[in-house]
Amino acid sequence: TGLSDKHLEDLSAAKKIIPILIAPNMSLGIANLKTSIETYLCAIKTPVKCKIVEIHHTKKKDSPSGTALEIIKFIENYHAKKIDGMIDVKSYRIGNIFGIHRIEFKSEEGIINFQHIASSRDVFAKGALQAAISINSMGIGEYSFADFLDKKL
């Protein structure tokens with residue numbers, strides 16, 4: 001996360017000659033969180049308010065996190081009609097927290113929360129290593145973590 005315009009230019013050039021996987025989060029937990037959110041949003045009949053709270057360690061430079069931005073983009077791109085108003089995002093930088101992402105949906109009927117808490121940075125590294133091994137067999141171009149998961153399943 002936190003890629004500069006120069007980084008994005010370099011990636012754009014590289015994807016013309018090698019496979020590139022770009023993902024703000026390579027945790028299987030976040031992928032499963034998004035699947036759960038999708039199931040919920042597909043099932044509801046009336047729009048809901050949405051709030052995202054993300055918490056990371058004090059040395060994290062980007063705010064909101066790339067993962068929070070990815071979740072916002074996911075919801076807005078695929079389920080915008082199910083959201084009442086703008087998605088509210090709260091970012092906190094506290095202690096040595098690896099990453100907490102809580103997505104809250106609020107309606108007249110109540111509040112539903114989805115949450116992922118990373119216990120260590122290993123979760124990101126494991127997903128990244130699996131994706132790196134897999135991407136070697138993919139053709140030239142740009143891929144997402146979802147593309148890797150689809151190929152893996």
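Just so you know, all these numbers are worked out from the coordinates, no wet-lab data involved. Since this is a predicted model, take the numbers as computed values, not measurements.
For the chain, what is the convex hull volume of the alpha-carbon atoms per residue, in Å³? The partial results should precede the final answer.
Details: hull volume 18.7 nm³, N = 153.
It comes to 122 Å³ per residue, whole-number rounded.
Each listed q (0.19, 0.23, 0.28, 0.32 Å⁻¹) maps to a log10 I(q)/I(0) for the stretch 11-50 from the Debye sum over equal C-alpha point scatterers, namely -0.71, -0.80, -0.93, -1.03.
Per residue of the stretch 33-40, what does 6.51 cos²θ - 1.76 cosθ + 1.60 with θ = phi - 60° give for ³J(HN,Hα)? Whole Hz please, x for Gly and Pro, Karplus curve as stated. Coupling constants for the stretch 33-40: 4, 5, 4, 5, 4, 4, 4, 4 Hz.
Within the stretch 60-101, all pairs of alpha-carbon atoms sorted by distance into 10 Å bins from zero give the percentages 25, 48, 22, 5.
Close amide H pairs (under 5 Å, H built 1.01 Å from N) link ILE83 with VAL48, residues at least 5 positions away or on another chain. For the chain, the antiparallel share of DSSP beta bridges with both residues in that region comes to about 60%. Under a GNM of the chain (C-alpha, springs under 10 Å), which listed residue has the highest mean-square fluctuation: GLY85, GLY110, GLY66? Of GLY85, GLY110, GLY66, the Gaussian network model singles out GLY110 as fluctuating most.
Taking the helices alone, the chain has a mean residue ellipticity at 222 nm of -12500 deg cm²/dmol, built from -39,500 (n - 2.57) per DSSP H run of at least 4 residues and averaged over all its residues.
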